[in-house]
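Heads up, the thing below is written out as structure tokens.
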Amino acid sequence: MASLVVAFFVAALLYASVGFGGGSTYTALLALAEIDYRLLPLLSLACNIVVVAGSSLRFARAKVTPWRNALLLTGVAAPAALLGGLTPIDETTFLTILGASLVLTALTLLLRPRDTATGAPPRFARLMPVLAVPLGYLAGLVGIGGGIFLAPFLHLTRWDSARAIAATASLFILVNSLFGLAGQLLKGGTGRLGAAIDFGLPLLVAVAIGGQIGSLLALKYLPQRWIRYGTAALTAWVGGRLLLNV
């Protein structure tokens with residue numbers, strides 16, 4: 001358990017420093033530790049909520065959250081996340097999708113975000129609410145927030161400024177995690193929740209501390225590029241390990 005707590009702390013620190021929750025990596029770490037795969041989404045989504053709740057609040061207080069557009073994307077994705085959480089899935093399919101999503105995540109972290117929005121959004125940006133639906137479903141299915149997939153598309157389409165996109169991704173992760181967690185509980189019953197809490201309390205404490213430190217480092221000390229590359233390397237390694245073990 002001690003090594004898992006340290007791994008969750010480091011993952012939360014890295015992901016929080018780039019504006020994400022880290023749910024996909026938490027799930028993969030638990031899978032590599034051979035924890036019952038039916039508990040993985042519950043634990044990962046709970047950790048996600050702990051990490052991004054603070055980030056969403058900070059963005060809101062700083063008045064950088066584009067509420068109208070952020071709520072539109074989140075509103076259409078949340079029911080899909082609930083449906084994803086309700087969907088039965090076997091262990092092999094679950095781990096394969098998770099491993100592939102982690103490798104994709106590592107690639108998206110290497111994309112360089114734009115500092116500001118440039119001109120009017122391209123036509124594709126207007127289709128983002130449509131794209132948000134399958135991202136929400138995937139989030140609920142494998143126990144992640146989905147913001148780490150959404151953010152690169154928002155940057156590529158020049159949807160808004162970098163800070164506004166980070167705020168939107170944080171809100172997207174928070175709401176999808178809540179709805180995905182509800183779906184997982186409806187599917188598996190409350191018995192699994194008790195087992196997840198008994199096992200995962202030290203992990204929740206670790207990500208709460210790591211997330212706060214990660215936010216502080218990003219704001220005051222470490223260059224964002226270094227943090228993004230470190231997070232991408234960790235994500236790629238965990239995803240690759242997971243795919244090799246399937």
Next item on the list: Please report 37, 137 as a ranked list, fewest other C-beta atoms within 10 angstrom at the top and most at the bottom.
Entry: 37, 137
Note to self: Using Cβ counts within 10 Å as a stand-in for footprinting exposure, how do 92, 25, 157 rank, fewest first?
What the structure shows: 92, 157, 25
Check: Of 27, 74, how do they rank once you tally other Cβ atoms within 10 Å and put the fewest first?
Finding: 74, 27
Next item on the list: Pop out the ³J(HN,Hα) list for segment 38-53 in order, Karplus 6.51 cos²θ - 1.76 cosθ + 1.60 with θ = phi - 60°, rounded to Hz; leave Gly and Pro as x.
Entry: 6, 8, 4, x, 4, 5, 5, 5, 5, 5, 4, 4, 4, 6, 8, 4
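Taken together, the values in this text are just the output of simple stated rules run on the coordinates, not laboratory data. Only a predicted model underlies this, so the values are computations on that prediction, with no experimental measurement involved. Heads up, the Cβs are rebuilt from the backbone with ideal geometry, glycines too, and the neighbour counts pull from every protein chain shown.
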